[in-house]
1. Sticking with the crude label model, points 7 Å out along Cα→Cβ, report the distance from L45 to I121 in nm, one decimal please.
2. Taking Cα centroids, how far is the stretch 132-171 from the stretch 44-76 in Å?
3. How would you classify the stretch 55-112 from its alpha-carbon gyration tensor, with a ≥ b ≥ c the square roots of the eigenvalues: rounded for a/c under 1.5, else prolate if a/b is greater than b/c, otherwise oblate?
4. Do any GluC sites (Glu not before Pro) in the stretch 102-170 lie in a DSSP loop with no more than 11 other beta carbon atoms within 10 Å, and if so, which?
5. List the trypsin sites (Lys or Arg not before Pro) in the stretch 49-145 that DSSP assigns to loop (not H, G, I, E or B) and whose Cβ has at most 14 other Cβ atoms within 10 Å. Which are they?
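What follows is calculated from the coordinates using simple rules that are stated; it is not laboratory data. Small disclaimer: the values here were computed from a predicted structure and weren't measured. When we count neighbours, we look across all protein chains shown, and the Cβ atoms used for this are built from the backbone with ideal geometry, even at glycine.
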Amino acid sequence: MIRRPPRSTLDRSSAASDVYKRQMYLQGIGSLGTWLPLYNTVVLLSSSGTVHFAHMALKDNNRKRFNLWLGVTVLLAFIFVILQALEYYEAYAHLGLTISSGVYGTTFFMLTGFHGMHVLIGGIFLATQLTRSAGYNHFTEKEHFGFEAASWYWHFVDVVWVCLFLFVYIL
């Protein structure tokens with residue numbers, strides 16, 4: 001039987017420090033009314049609905065409604081990115097959370113940053129589809145794979161956020 005050596009005092013203090021920093025970050029966020037991750041969740045889940053409304057409008061051959069709902073979706077995507085940047089500022093400037101402040105800081109910034117990058121990419125994909133529709137009339141009710149692919153990507157980004165929200169902020 002192989003025994004693991006006892007953890008050093010440094011390891012224990014580092015682990016305790018990570019737990020403390022996570023608790024301080026979550027407490028520092030404040031009430032639900034000022035909790036940016038909750039706002040981001042509402043924004044992203046709403047955008048999933050608006051992209052679905054856009055898809056239904058396109059299937060009904062209603063380009064005006066399609067462009068409206070797709071425009072709202074693109075706006076929500078960029079609002080999410082702005083709110084995430086604001087959250088990063090708050091975490092860094094006011095709460096002292098950095099990528100090098102331990103396991104929680106590293107995990108927090110890597111997971112949410114990687115997701116935020118995908119939200120930005122998805123917003124660009126959807127903005128491209130909006131440009132194709134509004135500027136060039138590229139889609140019909142039967143031929144719109146470019147939009148559908150961007151929409152699938154967007155729904156995937158939404159599902160990933162729900163998991164991140166649960167594991168990074170709640171549990």
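1. It works out to 2.5 nm between the two label points.
2. Centre-to-centre distance over Cα atoms comes out at 10 Å.
3. Numbers: a/c = 8.33, a/b = 3.31, b/c = 2.52.
Because a/c hits 1.5 or more and a/b exceeds b/c, the stretch 55-112 counts as prolate.
4. Loop-located and lightly packed - E143.
5. Here the sparse-neighbourhood loop sites are K142.
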